[in-house]
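Here it is: the structure, laid out below.
The values are calculated or read from the model by the stated rules, or taken from the named source; none is laboratory data. Small disclaimer: the values here were computed from a predicted structure and weren't measured. Note that we place each Cβ from the backbone using ideal geometry, even for glycine, and neighbour counts take in every protein chain shown.
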Amino acid sequence: MRDQASIVRQISLGCLSGNKTFEFDEQHDRTKPIRMWFQESTEGLVLFVVFYTQACRWSRCLGCCLPSACSQFPVMYRDILKQIDFVFNDPEVRGRQQNIRKLIVSNNGSVLDQATFSSTALIYLVLQSNLHFPNLSVFSIETRVEYVEVEELEFLARVLGEGDTPTELELAVGFEAFDDHIRNGVMKKGLSTQVFERFVASTVKYRFRLKCYLMQKPVPGMTDEEGVKDVHDAIDYFSRLSGGETTAGKPHVHIGIHVNPTYAAKGTLLEKAFLDGTYTPPTLRDVARATLHAKDRPLSVFIGLSDEDLAIPGGSFIRPGDEKKLKDLEMFNKTQDYDILRVVAE
Ligand code: SF4
């Protein structure tokens, strides 16, 4: 039995270290996920589910208020099983279950952290996916890399392989910023390039896919141009990595990047910087300029277009008049047609 008090303490200390001022959501119905929604991608219909669990144990990344939608205390596995049942009984999910090609599993933290997301629940989720999503091709798990145990994943991949359609396992990790100083010194991500590359090398043998989250302009003090350049640098880096150039081996790995424009999240230093005028979120035009750099690279690209209602008023990267750009970027996500990006970037 884990020391639950120490995990609660760890979360508090993380928040303290990241200067977070938000409260956790202890009122949420524990038998329902935080959110779920559909996306369209080149892979087809995607179902994204964020389960309600105990918060991320790290909790200190500068602009992140995702833990505020979670509990600071343990959410028992029986409740998470009920959340899974809720997903599979949802009328919209049932209506589209034959078409769902990808399932993204999140808990606003690390699904592979057994202290916050029960292993029983994860196995049950894979089982239900096999039973209800006959055309699933990718099962994607969001996690920090320190919780990845490849033996556990090998087992999960085997179970997924017993579904009606071959289903690949994808690990979705936050890399956030290419610049080491921004990522670790300012943002407090706690992820060195060496650790990340060791993680990549360890997953290659199993042919797991990787999804790497990037944040555009994630911290105060960065100019718009620096935000664009950091995404360019990350695209160059991931292109090299997917082709086999690392310091820790020679992986050939399927990498997708997910570029999230940063928003001023409630209860974080970004909120403070936004309110005192020292931070503005990137524009959708700059997001298009940044991601255009991935044209002809061996990477799939998805642009995150939701602030999940976690931005403070006026603090989103979506501004009045952005409706057409939003539609265009959604179309890019669905088609990977770089001509669309070029128009948005003009
Ligand atoms: S970005 Fe991820 S790892 Fe960092 S505090 Fe937020 S949920 Fe935790």
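Would you check which residues across the range 158-214 are of a type in the set (V, I, T) and within 16 Å of the ligand (Cβ to nearest atom) and list them?
V173, I182, V186, V195
Check off (1) assigned to a helix (DSSP H, G or I); (2) surrounded by fewer than 20 Cβ atoms within 10 Å (Cβ to Cβ); (3) outside the structural domain of F274 (by TED's automatic domain parsing) for A172 and give me the number that stays unchecked.
(1)
Take I34 and tell me if it is β-branched (V, I, T) and not assigned by TED's automatic domain parsing to the domain that holds S110.
No; evaluated as a whole, the condition is false for this residue.
Yes/no matrix, rows are residues, columns are (1) buried (at least 17 other Cβ atoms within 10 Å of the Cβ); (2) free of Cβ contacts under 8 Å to residues at least 60 places away in the same chain; (3) farther than 20 Å from G256 by Cα; (4) not aliphatic (A, V, I, L, M):
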site	(1), (2), (3), (4)
Y124	no, yes, yes, yes
L136	yes, yes, no, no
V145	yes, yes, no, no
L160	yes, yes, yes, no
T167	yes, yes, no, yes
G190	no, no, yes, yes
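Does G185 satisfy being surrounded by 14 or more Cβ atoms within 10 Å (Cβ to Cβ), of a type in the set (G, A, S), closer than 22 Å to C65 by Cα and at pLDDT 90 or above?
Against the criterion (surrounded by 14 or more Cβ atoms within 10 Å (Cβ to Cβ), of a type in the set (G, A, S), closer than 22 Å to C65 by Cα and at pLDDT 90 or above), G185 does not qualify.
Pick from the range 253-304 the residues that are polar (S, T, N, Q) and modelled with pLDDT of 95 or more: which of them is surrounded by the most Cβ atoms within 10 Å (Cβ to Cβ)? Quick ask: steps written out before the conclusion?
Pass one, the range 253-304, residues polar (S, T, N, Q): 260, 262, 268, 278, 280, 283, 291, 300.
Subsequent filtering for residues that are modelled with pLDDT of 95 or more retains 260, 262, 268, 278, 280, 283, 291.
Values: N260: 21, T262: 29, T268: 24, T278: 11, T280: 16, T283: 20, T291: 27.
Across the range 253-304, the extreme among qualifying residues is T262.
Sticking with this structure for a sec: Can you go through L66, L112, L62, L13 and tell me which one is within 14 Å of the ligand (Cβ to nearest atom), outside the structural domain of K327 (by TED's automatic domain parsing) and more than 19 Å from the chain's Cα centre (by Cα)?
None of the other options fit; the residue is L13.
While we're looking at this one, here's another question. Taking the range 282-307 as the region of interest, how many residues are part of a loop (DSSP other than H, G, I, E, B) and touching a helix residue (DSSP H, G or I) at 6+ places or on another chain (Cβ under 8 Å)?
Taking the range 282-307 and keeping what is part of a loop (DSSP other than H, G, I, E, B), we get 282-283, 295-298, 304-307.
Subset that is touching a helix residue (DSSP H, G or I) at 6+ places or on another chain (Cβ under 8 Å): 282-283, 295, 297-298, 305.
Of the residues in that region, 6 qualify.
Let me ask something else. Is there a residue in the range 214-227 that is surrounded by fewer than 20 Cβ atoms within 10 Å (Cβ to Cβ) and under 16 Å from the mean Cα position of the chain (by Cα)?
no
May I ask you to list the residues in the range 42-51 that are assigned to a loop (DSSP other than H, G, I, E, B) and surrounded by fewer than 23 Cβ atoms within 10 Å (Cβ to Cβ)?
Scanning the range 42-51 gives T42, E43.
If you don't mind, another one. With the requirement that a residue be away from the ligand (no atom under 16 Å from the Cβ), under 30 Å from I312 (Cβ atoms) and among the β-branched types (V, I, T), what does the range 81-109 give you?
V87
So, of the residues in the range 16-41 that are within 16 Å of the ligand (Cβ to nearest atom) and outside any loop (DSSP other than H, G, I, E, B), which turns out to be surrounded by the most Cβ atoms within 10 Å (Cβ to Cβ)?
The extreme case among them is R35.
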